[in-house]
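*Asks:* Sharing a structure below in structure tokens format, with a few things to ask.
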There are 2 protein chains.
Amino acid sequence: MTNAVAAITALADPTRRKIFERIAAHPSAVGALADGLPVSRPAVSQHLRVLKDAGLVDDEAQGTRRIYRVRQEGLADVRAYLDQFWDQSLAAFRDLAESEDA
Amino acid sequence: MTNAVAAITALADPTRRKIFERIAAHPSAVGALADGLPVSRPAVSQHLRVLKDAGLVDDEAQGTRRIYRVRQEGLADVRAYLDQFWDQSLAAFRDLAESEDA
DNA sequence: GCTAACGGTAAGCCATGACGAACGCAGTCG
DNA sequence: CGACTGCGTTCGTCATGGCTTACCGTTAGC
């Protein structure tokens, strides 16, 4: 999927990965994430936007706060994307072995 | 694993992803990869180094050529890394549901 | 209504890293 | 032993993108 590519790109950044890890451990609001991270709140907000666009997280409004949580489908997409390479490379090995037998 | 992080970072680059896709479909040499890609051979060589350091590919010398192929363990590491988030987020949902019941 | 809390957005700065050109090294063939 | 092929490496350049500061919209409480 094209979303899997965006997800992988999103998770490539250390700070964004840290944010995602915290959300996975416990859904939380933007401010709570910014505390305990060495970056400003706007930076966290920007990262969350990228994660959301990649389909890795979802947000829910609770009063003035927005609670972010992991979106399982996003992880599933990445997994499917990787499995495709797994299958392809296995098939390539089989073809190679057959051609060598000949 | 710490290698999974390197692998994700490696796959975040479009060119590097393209190279990895081609290798998955068919193990090949550096020159063959450079042909059919809009970048120079040294660039491909650098990308291959990153992919190799990340544990995503392996190389085998064949005369003056080096054949690169997918390293399945690398993909497995990334998969395990993602599954960890999957499990964590599921557990977090359970805990949240329980606390709401009280 | 006013004020404060919580978040998203815009603009600008700066570090990271992807790229090509030039070079060096190993292996093959005559 | 030359000459050629196939790769890796270094270096300098330039674009991408992550960060902060300042600002604006929205919601809850008085």
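Read the figures in this text as sums done on the coordinates, not as results from a lab. Here the structure is a predicted model, which is why all the values come from computation and not from measurement. Glycine gets a Cβ as well: all are built from the backbone with ideal geometry, and neighbour counts include every protein chain shown.
*Asks:* On average, how much area does the Cα convex hull of chain B cover when viewed from any direction, in nm²?
*Replies:* Reported value for the Cα convex hull: 7.7 nm².
*Asks:* With springs connecting C-alpha atoms under 10 Å apart, model chain A as a Gaussian network and identify which of A:Ala24, A:Ala32, A:Ala54 has the largest mean-square fluctuation.
*Replies:* Most flexible of the set in this elastic network: A:Ala32.
*Asks:* Using the number of other C-beta atoms within 10 angstrom as an exposure proxy, rank A:Ser28, A:Ser89 with the fewest first.
*Replies:* A:Ser28, A:Ser89
*Asks:* Net charge within 13 Å of B:Leu37 by Cβ-Cβ distance, Lys/Arg positive one each and Asp/Glu negative one each, not counting B:Leu37 itself?
*Replies:* Net charge in that neighbourhood comes out at +2.
*Asks:* Here's a follow-up. Rounded to whole Å and ordered largest first, report the semi-axes of the equivalent ellipsoid of the range A:22-65 derived from its Cα gyration tensor (root of 5λ).
*Replies:* Largest first, the range A:22-65 gives 15, 13, 11 Å.
*Asks:* Also, I was wondering about something else. Enter the mean projected area of the convex hull around the alpha-carbon atoms of the protein assembly as shown, in nm², rounded to one decimal.
*Replies:* About 13.9 nm², averaged over all directions.
*Asks:* Here is a follow-up. Quick one: if you stick a label point 7 Å off each Cα along the C-beta vector at B:Thr15 and B:Asp53, how many nm between them?
*Replies:* It works out to 1.5 nm between the two label points.
*Asks:* Still on this structure, I have one more. Can you show me the helix-derived [θ] at 222 nm for the protein assembly as shown, built from DSSP H runs with n ≥ 4 at -39,500 (n - 2.57) apiece and divided by the number of residues, rounded to the nearest 500.
*Replies:* Calculated at 222 nm, the ellipticity per residue is -22000 deg cm²/dmol.
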